[in-house]
Amino acid sequence: MPVGDRLIAPAEALDIILAQVRPLPVETVPLSVAGGRVLAVPFHADQDLPAFAAATMDGFAVVSGDVSPWREIVGDQYAGTVEDIEVTEGTAARIMTGAPLPPGADAVVRVENTELRDDHVIVHQELVFESENVRPIGADLRAGQLLVDAGEVIGPAEIGLLASLGHVDVPVYQRPRVSVLSTGDEVVDPSETPGPGQIRDSNRFSLELAARAAGADVIWSGHAPDDASALRALFQERIAASDALVTSGGVSMGERDLVKGLLAELGTVHFRRLFMKPGKPFNFATVGGTLVFGLPGNPVSALVGFEVFVTAALQTMAGRREPTARPVTVTLEHDVEPTDRLEYQRGVVWSDDHGVLHARNTGSQSSARLLSLVGSNAFVLIPPRAEPYRAGERVQAIVRGVVAGGPPRSGRAGDAD
Ligand code: AMP
Ligand code: MG
């Protein structure tokens, strides 16, 4: 069989793709734009936090063992300053949440448990424990502790840690520069009214958004007709400018399916067909250092192929260490008719009261029906076999969203076909 015409199992396809992918070089960006990027070096705490013992309640700073019936108020300690106050037995300092504990004090009595008498305070609390309502030095993190590892995405908590330790310049991996190209004579811009036999371009928008979600910088997107020389020129230009080129259409068996031949002409084609439904035609090629993904034209085939393979490649380029999710075991809630390939059914997975995961598909699984992806949080994997799958059988699923408790609420999900 000529190179690339074998039907490749999805797991093998992913291995072939990832073998061609390296993380991009590192750049330093300001903290304000580091969110969503992937940290390039492990990040350790260079100090204890909090750096000083602080009150966690508004109240009075006291000596914990002190049993005086009332205490003289020797000063006020607000957050953000250090007052020249010392607390001893028989005295207390008024203190606010976040303020440093004055010398001598080792506990805070919350204001609700106190009563003021002139310049004295009465503590209505039998025992005051050491460190009560005090956040000690190093309670949140210790100097030397690993906070965020290289290869992890900088999210809201991670960026907060970077900020709290004063890291205003952050080393991150460069984002992959991606071009997205729709092909096909029948495809028109969404702003146009399609003529006879024409359709609006949906893939360009779906794939752009999916690329951004994977951490890529979409530097260009456009459309080209099924014309060999126009496609060749555009391919050469976009490949030279991009880390990855993602195209849709033109990879099937038709006479005007020109992308396939063009990739063989320009670079190395690693495979052309997947043992997978949707999305059997899937061309993966490398041209110089650029990855080219020739996805099929059908919108669901293109998007599923993107999510399963291209996302993992882009995330790896962007520095992510674990770009793929592990499947989970789910119980089918309805019968499923298998096909001749491993099917990625778009479905909803949810958890019951016992933590058992259940799955339904999202109705018709036609490769053009984008609605099958709307509201779906998982790909339910249906391997080929002779007899149908029955409700109650267990299969694998790749969860791609949040798993909620209870069955899907949307009327759309669950119209089993
Ligand atoms: P192809 O892979 O080029 O044979 O296209 C397969 C199917 O996908 C055809 O019905 C096309 O009209 C449709 N298609 C191709 N490109 C797009 C696109 N950019 N947006 C929506 N549908 C498309
Ligand atoms: Mg086409």
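With a requirement of 3 or more residues that are within 16 Å of ligand 2 (Cβ to nearest atom) and hydrophobic (A, V, I, L, M, F, W, C), none of the strands (runs of 3 or more DSSP E) lying completely within the range 143-207 satisfies it. Among residues belonging to the range 370-403 that are touching a residue at least 60 places away in the same chain (Cβ under 8 Å) and assigned to a loop (DSSP other than H, G, I, E, B), point out the one that is nearest to R346 (Cα to Cα). Filtering first and then ranking leaves L373. D257 passes every criterion in (1) modelled with pLDDT of 95 or more; (2) crowded, with 17+ Cβ neighbours inside 10 Å; (3) of a type outside the set (A, V, I, L, M) apart from (1). Within the range 238-254, the residues that satisfy the criterion of being surrounded by fewer than 19 Cβ atoms within 10 Å (Cβ to Cβ) and more than 10 Å from ligand 1 (Cβ to nearest atom) are A240, A241. Of the residues screened, L291 is not one that is open to solvent by 40 Å² or more (accessible area, probe 1.4 Å), under 25 Å from A216 (Cβ atoms), among the hydrophobic types (A, V, I, L, M, F, W, C) and away from ligand 2 (no atom under 16 Å from the Cβ).
Quick check on the range 267-289. Is at least one of its residues part of a helix (DSSP H, G or I) and at pLDDT 95 or above? No: zero hits. Among the residues of the range 139-175, those that are under 30 Å from G65 (Cβ atoms) and touching a strand residue (DSSP E or B) at 6+ places or on another chain (Cβ under 7 Å) comprise D140, L141.
Here A285 fulfils each of the conditions (1) touching a residue at least 40 places away in the same chain (Cβ under 8 Å); (2) more than 15 Å from ligand 2 (Cβ to nearest atom); (3) open to solvent by less than 10 Å² (accessible area, probe 1.4 Å) apart from (1). Among the residues making up the range 12-71, those that are part of a loop (DSSP other than H, G, I, E, B) and β-branched (V, I, T) are V21, V41, T56, V63, V67.
Picking from residues in the range 121-157 that are open to solvent by 50 Å² or more (accessible area, probe 1.4 Å) and among the charged types (D, E, K, R), the one that is farthest from R320 (Cα to Cα) is E126.
Inside the range 297-353, residues that are under 16 Å from the mean Cα position of the chain (by Cα), surrounded by fewer than 23 Cβ atoms within 10 Å (Cβ to Cβ) and farther than 22 Å from N283 by Cα make up a count of 5. A single member of G98, G90, G75 is under 15 Å from E132 (Cα atoms) and open to solvent by less than 60 Å² (accessible area, probe 1.4 Å), and it is G98.
Could you tell me whether R200 is more than 10 Å from ligand 1 (Cβ to nearest atom) and over 28 Å from the mean Cα position of the chain (by Cα)?
Considered against the rule, which asks whether it is more than 10 Å from ligand 1 (Cβ to nearest atom) and over 28 Å from the mean Cα position of the chain (by Cα), R200 comes out as no.
Residue count for the range 207-237, restricted to those that are open to solvent by less than 50 Å² (accessible area, probe 1.4 Å) and within 16 Å of ligand 1 (Cβ to nearest atom): 14. Annotation note: Cβ proximity below 6 Å between a residue of the range 173-191 that is under 10 Å from A216 (Cβ atoms) and open to solvent by less than 20 Å² (accessible area, probe 1.4 Å) and a residue that is near ligand 1 (Cβ under 9 Å from one of its atoms) and at pLDDT 95 or above (sequence gap 6+ or interchain) occurs for V180/R204; V180/L207.
The values are calculated or read from the model by the stated rules, or taken from the named source; none is laboratory data. Here the structure is a predicted model, which is why all the values come from computation and not from measurement. Glycine gets a Cβ as well: all are built from the backbone with ideal geometry, and neighbour counts include every protein chain shown. Ligands, DNA and RNA are stripped out before the accessible areas are found, and what is left, the full protein with its side chains, is counted by its heavy atoms. Shrake-Rupley method; radii C 1.70, N 1.55, O 1.52, S 1.80 Å.
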